[in-house]
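Heads up: the structure comes next, in structure tokens.
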Amino acid sequence: MPNAQKSVPENQLAGEIGTRSTSDKSKKRLNLDLSAEAYELLQQIVDESGKSMAEVLRTGLALYGIAQEESKQGGKLTISDKDNVVKKELVIPK
């Protein structure tokens, strides 16, 4: 698959996460540590999408939230091709 993105195990995406308030009370600032592989994947997505790292992480968090909610209700978050053939499924560990 050309331009296929690498899959990084969830335990390599997680790291130390610290929060601190910003001047805008509706926002929080995070400081997190990523493995080299996770950082490379993040940078690849940023480069290909033209989005900021923060935008990519917010989108990923939103997708994870959708998948988690669907999983609670017995549903799935899947990626399908143009013929509606499921190619991937996001599985949320319990």
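Derivation of every value follows stated rules applied to the coordinates shown; laboratory data play no part. Note that the structure is a prediction, hence the values are computed from the model and not measured. Methodologically, a virtual Cβ is constructed for each residue, glycine included, from the backbone with ideal geometry; neighbour enumeration extends over all protein chains shown.
For the stretch 42-51, how many residues meet the condition of being small (Gly, Ala, Ser) and either over 22 Å from Arg29 (Cα atoms) or touching a residue at least 60 places away in the same chain (Cβ under 8 Å) (or both)?
Residues of the stretch 42-51 that are small (Gly, Ala, Ser), as a first pass: 49-50.
Retained after the next criterion (residues that are either over 22 Å from Arg29 (Cα atoms) or touching a residue at least 60 places away in the same chain (Cβ under 8 Å) (or both)): 49.
Residues flagged as small (Gly, Ala, Ser) and either over 22 Å from Arg29 (Cα atoms) or touching a residue at least 60 places away in the same chain (Cβ under 8 Å) (or both) within the stretch 42-51 amount to 1.
Within the stretch 52-90, the set of residues being of a type outside the set (Lys, Arg), under 28 Å from Lys28 (Cα atoms), out of contact with any strand residue (DSSP E or B) (no Cβ under 8 Å at 6 or more places or on another chain) and free of Cβ contacts under 8 Å to residues at least 12 places away in the same chain comprises Ser52, Met53, Ala54, Glu55, Thr59, Gly60, Leu61, Ala62, Gly65, Glu69.
Within the stretch 40-82, the residues that satisfy the criterion of being surrounded by 14 or more Cβ atoms within 10 Å (Cβ to Cβ) and small (Gly, Ala, Ser) are Ala67, Ser71.
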